[in-house]
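Accompanying notes for the structure given below.
The values are calculated or read from the model by the stated rules, or taken from the named source; none is laboratory data. This one's a predicted model, so the numbers in the text were calculated from it and none came from an experiment. Backbone-built Cβ (ideal geometry, glycine too); neighbour counts: all protein chains shown.
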Amino acid sequence: MIIPDFNHENIKWVKGSHNLPECVYIYKINVPSVTAIINSEIPDPEWDEFVAKVGKEEADKIMINAGYRGSSAHVFIENFITQYNKTKDISEALLYTQTESLKILQKDNIPQEKIEEGLKLFYKFYYSNYITQFDKIFAIEFPIYSSSLFYRGKLDIFYLDKLHGYAVTDFKTSSKKITKGSVKELKYFYQLGAYANCLEEMYKNKNIIINKASILCINKQNDILQEITLMGNDLINYKEQFKTLVRQYHIKNGQDYLLK
């Protein structure tokens with residue numbers, strides 16, 4: 001539906017399902033997620049080749065199990081960080097996440113073997129001492145949106161990095177290390193650019209600039225965490241590239257009236 005004389009001043013952003021922002025005008029506007037935009041606009045021949053090799057049914061099964069693993073690891077990590085942010089006591093935070101995370105995951109019907117797999121990945125994060133980079137944590141599992149480009153998402157952690165200032169990190173799990181130059185790495189770069197754009201727009205009155213955006217990948221094969229990082233001109237570049245990508249998405253889906 002295209003509304004004549006669309007007036008951006010009459011848009012309202014409200015809290016929707018899963019705590020994600022929703023955009024309302026006369027009706028609810030279809031605001032895509034960061035992931036939906038990237039998956040729609042970035043061809044992924046690597047994934048297509050994998051599906052062709054194992055079959056769609058098996059590929060879907062692998063993705064579901066990977067989702068369980070990722071959800072499990074996320075809950076352990078986020079509970080640990082949340083409690084550590086409150087108490088600054090690593091031992092207390094560890095005990096908290098070991099007990100509370102299990103309750104959450106079991107309630108969400110995550111298979112036990114995937115809970116155990118997520119816990120093993122969490123311990124890699126715990127022993128990495130990565131948490132010492134956090135000087136101050138502003139938000140965890142934080143819903144974000146762009147009121148100018150009409151997209152939304154939820155980032156894992158927005159914080160003050162001891163070395164780089166304002167920063168955002170998203171936690172990922174994988175079966176192996178992310179290959180440099182791969183489509184998956186490229187998609188992560190776009191995701192980080194999207195997150196940085198949102199935060200800078202949401203906090204423009206406070207002149208917040210994101211200096212570091214990273215994906216922290218915990219994989220099953222290696223105890224060393226892999227951090228995929230954008231800073232400086234690289235981050236600026238992918239912020240601009242994502243703006244182009246989201247405009248392209250809206251035009252393709254008949255929503256170019258949203259764009260000023």
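Data table
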{"read-out": "Residue match in the range 22-34 (condition: surrounded by 14 or more Cβ atoms within 10 Å (Cβ to Cβ), more than 28 Å from Lys114 (Cβ to Cβ), at pLDDT below 90 and among the aromatic types (Phe, Trp, Tyr))", "value": "yes"}
{"read-out": "Residue pairs meeting the criteria (Cβ under 6 Å; at least 6 apart or on separate chains; first touching a residue at least 60 places away in the same chain (Cβ under 8 Å), in the range 143-171; second among the aromatic types (Phe, Trp, Tyr) and part of a strand (DSSP E or B))", "value": "Arg152/Tyr145; Asp156/Phe171"}
{"read-out": "Per-region count, the range 238-253, residues without any contact (Cβ under 8 Å) to a residue 24 or more places away in the chain and within 22 Å of the chain's Cα centre (by Cα)", "value": "1"}
{"read-out": "Exclusive hit being surrounded by 17 or more Cβ atoms within 10 Å (Cβ to Cβ) and in contact with a Cys (Cβ under 8 Å, 6 or more places away or on another chain), set Ile218, Ile210, Ile228", "value": "Ile228"}
{"read-out": "Hits in the range 123-142 (condition: touching a residue at least 60 places away in the same chain (Cβ under 8 Å), more than 30 Å from Leu259 (Cα to Cα) and under 20 Å from the mean Cα position of the chain (by Cα))", "value": "Lys124, Phe125, Tyr130"}
{"read-out": "All positions within the range 127-144 that are on the phi < 0 side of the Ramachandran plot, in a strand (DSSP E or B) and surrounded by fewer than 21 Cβ atoms within 10 Å (Cβ to Cβ)", "value": "Phe134, Asp135, Lys136, Ile137, Phe138, Ala139, Ile140, Phe142, Pro143"}
{"read-out": "The range 59-72 residues that are more than 15 Å from Asn219 (Cβ to Cβ), paired with ones that are among the aromatic types (Phe, Trp, Tyr) and not in a helix (DSSP H, G or I) (beta carbon under 8 Å, 6 or more apart)", "value": "none"}
{"read-out": "Filtered residue count, the range 205-218, keeping only those that are closer than 15 Å to Lys180 by Cα and in contact with a helix residue (DSSP H, G or I) (Cβ under 8 Å, 6 or more places away or on another chain)", "value": "3"}
{"read-out": "Filter result for the condition that a residue is surrounded by fewer than 20 Cβ atoms within 10 Å (Cβ to Cβ), over 18 Å from Glu185 (Cα atoms), free of Cβ contacts under 8 Å to residues at least 24 places away in the same chain and of a type outside the set (Lys, Arg), over Asp256, Asp223", "value": "Asp256"}
{"read-out": "Test: residue in the range 2-18 that is among the basic types (Lys, Arg) and part of a helix (DSSP H, G or I)", "value": "no"}
{"read-out": "Selection status of Lys114, touching a Lys or Arg at 6+ places or on another chain (Cβ under 6 Å) and farther than 23 Å from Asp135 by Cα", "value": "yes"}
{"read-out": "Residue that is buried (at least 17 other Cβ atoms within 10 Å of the Cβ), of a type in the set (Val, Ile, Thr), without any contact (Cβ under 8 Å) to a residue 60 or more places away in the chain and part of a helix (DSSP H, G or I), where the choices are Ile115, Ile110", "value": "Ile115"}
{"read-out": "Selected residue [more than 27 Å from Lys176 (Cβ to Cβ) and either surrounded by fewer than 15 Cβ atoms within 10 Å (Cβ to Cβ) or out of contact with any Phe, Trp or Tyr (no Cβ under 7 Å at 6 or more places or on another chain) (or both)] from Lys103, Lys124", "value": "Lys103"}
{"read-out": "Residue list for the range 144-172, filter: touching a Pro at 6+ places or on another chain (Cβ under 6 Å) and over 17 Å from Ile215 (Cα atoms)", "value": "Tyr145, Tyr151, Arg152"}
{"read-out": "Number of the exception - Asp89 against (1) in contact with a Leu (Cβ under 9 Å, 6 or more places away or on another chain); (2) of a type outside the set (Phe, Trp, Tyr); (3) free of Cβ contacts under 8 Å to residues at least 12 places away in the same chain", "value": "(1)"}
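Every residue, every condition in (1) modelled with pLDDT of 95 or more; (2) closer than 15 Å to Phe76 by Cα, yes or no:
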{"residue": "Glu100", "(1), (2)": "yes, yes"}
{"residue": "Leu105", "(1), (2)": "yes, yes"}
{"residue": "Ile115", "(1), (2)": "yes, yes"}
{"residue": "Gly118", "(1), (2)": "yes, yes"}
{"residue": "Phe122", "(1), (2)": "yes, yes"}
{"residue": "Ile131", "(1), (2)": "no, yes"}
{"residue": "Asp135", "(1), (2)": "no, no"}
{"residue": "Ser148", "(1), (2)": "no, no"}
{"residue": "Phe158", "(1), (2)": "yes, no"}
